[in-house]
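Peer 1: Have a look at the structure that comes next, please.
The values are calculated or read from the model by the stated rules, or taken from the named source; none is laboratory data. Note that this is a predicted model, so its numbers are computed, not measured. Counting neighbours? That spans all protein chains shown, and the Cβs are built from the backbone with ideal geometry, glycine included. Side chains included, ligands, DNA and RNA excluded: accessible areas come from the protein's heavy atoms. Shrake-Rupley method; radii C 1.70, N 1.55, O 1.52, S 1.80 Å.
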Amino acid sequence: IQLGTTRLRVRSLALLSGLRIRRCRELRCRLQTRLGSLCVFRTRCHLNLRKIALEGANVIYKRDVGKVLMKLRKPRITATIWSSGKIICTGATSEEEAKFGARRLARSLQKLGFQVIFTDFKVVNVLAVCNMPFEIRLPEFTKNNRPHASYEPELHPAVCYRIKSLRATLQIFSTGSITVTGPNVKAVATAVEQIYPFVFESRKEIL
């Protein structure tokens, strides 16, 4: 899921899905973001997977594992459907798009004759990737930020940094790329705001 590359002037970072992140230092950065949401909802009715596979559009019936994959074009999401009525949607680029896509999917199932009641919708995971305008010295960053930061270069090239209060996990790479996962967009944006001064302290100076 790529939202493209945006050039903008910011105080330290920029906008992440509509949430403004403010810091005191001004810099010009090339912020490249990718954002993906994973959501789940229930239909409160039994779903006949064979009927969906035969009559639905853009579907793949995985009979061996008891589920159907259904794809929507607008918004571009993929839904995993179980006969119990539980549905997981991936591919949305915002929480609003995830809910819109989930409702469209529910309407598609209603058109197939199912008594669908859209309920228990929630976004369970958001993933975002952003690039800092500088490289990061990972050993120094890890030393300065224990025990929240852990770094095992033999196993993984990134530092793992956890923020328990936000239930967010950040994978920080020496190139300046940071992958953030959290329960919602606000938590992800707050995590990026909190981590910025720490990675800025451990940035590689340009000679």
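Peer 1: Return the residues of segment 94-125 that are assigned to a loop (DSSP other than H, G, I, E, B) and either surrounded by 21 or more Cβ atoms within 10 Å (Cβ to Cβ) or small (Gly, Ala, Ser) (or both); say none if nothing qualifies.
Peer 2: Across segment 94-125, the qualifying residues are Ser94, Gly113, Val116.
Peer 1: For a quick check of your reading of the model, give me the residue pairs whose first member lies in segment 187-207 and is in contact (Cβ under 8 Å) with a residue 40 or more places away in the chain and closer than 15 Å to Leu170 by Cα, whose second is open to solvent by 10 Å² or more (accessible area, probe 1.4 Å) and in a helix (DSSP H, G or I), with beta-carbon atoms closer than 8 Å and at least 6 apart or on different chains.
Peer 2: Phe198/Asn144
Peer 1: While we're here: Considering only segment 164-182, state which residues are open to solvent by 20 Å² or more (accessible area, probe 1.4 Å) and either more than 16 Å from the chain's Cα centre (by Cα) or over 16 Å from Tyr151 (Cβ atoms) (or both).
Peer 2: If the condition is that a residue be open to solvent by 20 Å² or more (accessible area, probe 1.4 Å) and either more than 16 Å from the chain's Cα centre (by Cα) or over 16 Å from Tyr151 (Cβ atoms) (or both), then Lys164, Ser165, Leu166, Arg167, Phe173, Ser174, Thr175, Thr181 are the ones that fit.
Peer 1: Moving on. For segment 191-207, enumerate the residues that are part of a helix (DSSP H, G or I) and surrounded by fewer than 20 Cβ atoms within 10 Å (Cβ to Cβ).
Peer 2: Glu193, Gln194, Tyr196, Pro197, Phe198, Phe200, Glu201
Peer 1: Kindly establish whether Pro133 is of a type outside the set (A, V, I, L, M), out of contact with any Cys (no Cβ under 7 Å at 6 or more places or on another chain) and on the phi < 0 side of the Ramachandran plot.
Peer 2: no
Peer 1: Based on what the data block shows, is Ala149 among the aliphatic types (A, V, I, L, M) and touching a residue at least 40 places away in the same chain (Cβ under 8 Å)?
Peer 2: no
Peer 1: Quick check on my filter: what residues within segment 122-175 are closer than 28 Å to Ala102 by Cβ and of a type in the set (Val, Ile, Thr)?
Peer 2: Within segment 122-175, Val123, Val124, Val126, Val129, Ile163, Thr169 meet the criteria.
Peer 1: Within segment 126-137, can one find any residue that is in contact with an Asp or Glu (Cβ under 7 Å, 6 or more places away or on another chain), among the small types (Gly, Ala, Ser) and either open to solvent by less than 60 Å² (accessible area, probe 1.4 Å) or in a loop (DSSP other than H, G, I, E, B) (or both)?
Peer 2: Within segment 126-137, not a single residue is in contact with an Asp or Glu (Cβ under 7 Å, 6 or more places away or on another chain), among the small types (Gly, Ala, Ser) and either open to solvent by less than 60 Å² (accessible area, probe 1.4 Å) or in a loop (DSSP other than H, G, I, E, B) (or both).
Peer 1: Which members of segment 81-112 meet the condition of being without any contact (Cβ under 8 Å) to a residue 24 or more places away in the chain and more than 16 Å from Gly36 (Cα to Cα)?
Peer 2: Scanning segment 81-112 gives Arg103, Arg107, Gln110, Lys111.
Peer 1: Under the condition of being open to solvent by less than 30 Å² (accessible area, probe 1.4 Å) and aromatic (Phe, Trp, Tyr), which residue from segment 138-163 is farthest from the chain's Cα centre (by Cα)?
Peer 2: Going through the qualifying residues, I end up with Phe141.
Peer 1: Looking at (1) within 22 Å of Ser37 (Cα to Cα); (2) in contact with an Asp or Glu (Cβ under 6 Å, 6 or more places away or on another chain); (3) at pLDDT 90 or above, which is the one condition that is false for Val185?
Peer 2: (3)
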